[in-house]
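All remarks here apply to the structure that follows.
The values are calculated or read from the model by the stated rules, or taken from the named source; none is laboratory data. Keep in mind that this is a model prediction, so the values were computed, not measured. Glycine gets a Cβ as well: all are built from the backbone with ideal geometry, and neighbour counts include every protein chain shown. Heavy atoms of the whole protein, side chains included, go into the accessibility calculation; ligands, DNA and RNA do not. Shrake-Rupley method; radii C 1.70, N 1.55, O 1.52, S 1.80 Å.
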Amino acid sequence: MLHQKAFFLQEMGITHWQVRKPGLFTQGSGFPMLDLSACKLLIICAAGEFEHPLTEAVLTAFQISKDEVCCCTLEQFENQQGSLPTIIWSTLGDINQPHGHTLLRSPAIAELALQPNAKKQLWEQFCALS
């Protein structure tokens with residue numbers, strides 16, 4: 001279920017269903033839920049982008065340690081339930097902005113490294129947070 005839909009259902013007083021017999025479901029099906037409790041920033045990106053040197057440079061510039069950052073795919077984000085960090089950065093284009101969260105958008109990291117204007121726009125988005 002999309003996080004935004006889950007939020008709307010929660011606001012209407014409809015609770016999440018719970019599995020009563022988890023043994024009936026095969027192991028590894030679906031997407032694992034992320035532990036976002038210590039997360040300051042959630043990055044929605046493709047595999048390998050979190051390790052890119054530009055990602056590390058952006059995090060260092062805004063004094064965010066890697067321990068405060070969680071990384072997930074778009075599918076994991078769409079199926080994530082529960083609370084999200086205040087700041088979400090998507091390198092996968094437009095996504096629905098979750099209610100009450102700041103969404104930063106940029107091209108994929110490899111493209112971002114080659115586009116000065118896109119870097120400037122991302123920088124301005126981060127600076128607007130302060």
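Here are a few things to note about the model shown:
- Residue that is most open to solvent (accessible area, probe 1.4 Å) [pool: residues in the range 44-85 that are within 14 Å of the chain's Cα centre (by Cα) and aliphatic (A, V, I, L, M)]: Ala47
- Residue within the range 23-43 that is at pLDDT 90 or above, out of contact with any strand residue (DSSP E or B) (no Cβ under 8 Å at 6 or more places or on another chain), surrounded by 13 or more Cβ atoms within 10 Å (Cβ to Cβ) and of a type in the set (A, V, I, L, M, F, W, C) present: no
- Close pairs (9 angstrom Cβ cut-off, 6 or more residues apart or separate chains): of a type in the set (Gly, Ala, Ser) in the range 112-125, assigned to a helix (DSSP H, G or I) anywhere: Ala113/Pro53; Ala113/Leu54; Ala113/Lys119; Ala118/Glu111; Ala118/Leu112
- When the helices (runs of 4 or more DSSP H) confined to the range 26-114 are screened for residues that are of a type in the set (Val, Ile, Thr), those reaching at least 3 such residues are found at 53-61.
- With respect to the stated conditions, Leu92 is within 11 Å of the chain's Cα centre (by Cα), in contact (Cβ under 8 Å) with a residue 24 or more places away in the chain and open to solvent by 30 Å² or more (accessible area, probe 1.4 Å).
- The one condition in (1) open to solvent by 20 Å² or more (accessible area, probe 1.4 Å); (2) at pLDDT 90 or above that Ile109 fails to fulfil: (1)
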